[in-house]
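Q: Pasting in a structure now, in structure tokens, and then I'll have a few things to ask.
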Amino acid sequence: MDLITDYWNKFLEGKENKDAFRYGGEISFGMDEYSSAELTALVLSGKKTASVSALEAFKIDNESLPKAGVYYVLTDSSEKPCAVIKTENVQVLPYNEVTWDMAQKEDSSFSMEEWRYNHNLAFEDDAAVMGYDFTPDMPVVFEEFCVVFRQ
């Protein structure tokens, strides 16, 4: 077995109805080693409980949208499992309608202006690589989650 499967099976140990835990695969945060390490640490500390992604990126990658109640193995920048997270809520909304309350769950910015500036840069880079158009009103996927297992 691989590390991800082993980690998932450790999470399931002792649970009576294992089929009730819908496994969505592995997930990681960040676009490079530095941001991955920073964002993973925020998730593990409980300071990051949400993520914002371009809806168009899901379509381009032919990925399903996250769903509430699904569990994912969180991996670090070296693809080592470090936690299991559970998606609690998913919303699709225009990027310019992300609120300060939502943004605070997503990262450690000090203001909405800082959050917007950082995310504009990230979405511009992502759009250039993925091949979609970044616009202030483009649809984004706002996913809230919590850490349910860490070993």
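Q: Could we say that SER28 is without any contact (Cβ under 8 Å) to a residue 40 or more places away in the chain and within 28 Å of TYR132 (Cα to Cα) here?
A: Numbers: without any contact (Cβ under 8 Å) to a residue 40 or more places away in the chain: no; within 28 Å of TYR132 (Cα to Cα): yes.
Criteria not met by SER28.
Q: Still on this structure, I have one more. Could you grab me the full set of residues in the stretch 122-151 that are charged (D, E, K, R), over 15 Å from ALA57 (Cα atoms) and surrounded by 15 or more Cβ atoms within 10 Å (Cβ to Cβ)?
A: GLU144, the sole residue that qualifies.
Q: Also, I was wondering about something else. Any idea which of PHE11, PHE110, PHE29 is among the aromatic types (Phe, Trp, Tyr) and exposed (fewer than 13 other Cβ atoms within 10 Å of the Cβ)?
A: From the options PHE11, PHE110, PHE29, the qualifying one is PHE110.
Q: Same structure again: Go through the stretch 6-28 and give me each residue that's over 13 Å from TYR71 (Cα atoms) and either modelled with pLDDT under 90 or in a helix (DSSP H, G or I) (or both).
A: If the condition is that a residue be over 13 Å from TYR71 (Cα atoms) and either modelled with pLDDT under 90 or in a helix (DSSP H, G or I) (or both), then ASP6, LYS10 are the ones that fit.
Q: With under 30 Å from ASP2 (Cβ atoms) and surrounded by 15 or more Cβ atoms within 10 Å (Cβ to Cβ) as the only criterion, which of ALA103, ALA57 stands out?
A: Being under 30 Å from ASP2 (Cβ atoms) and surrounded by 15 or more Cβ atoms within 10 Å (Cβ to Cβ) holds for just one of ALA103, ALA57, which is ALA57.
Q: Can you tell me which residue is modelled with the lowest pLDDT among those in the stretch 104-151 that are closer than 19 Å to GLN91 by Cα and part of a loop (DSSP other than H, G, I, E, B)?
A: Filtering first and then ranking leaves ASP107.
The values are calculated or read from the model by the stated rules, or taken from the named source; none is laboratory data. Because the structure is predicted, anything quoted here is derived from the model rather than measured. In this analysis, Cβ positions are derived from the backbone assuming ideal geometry, glycine residues included, and neighbour counts consider all displayed protein chains.
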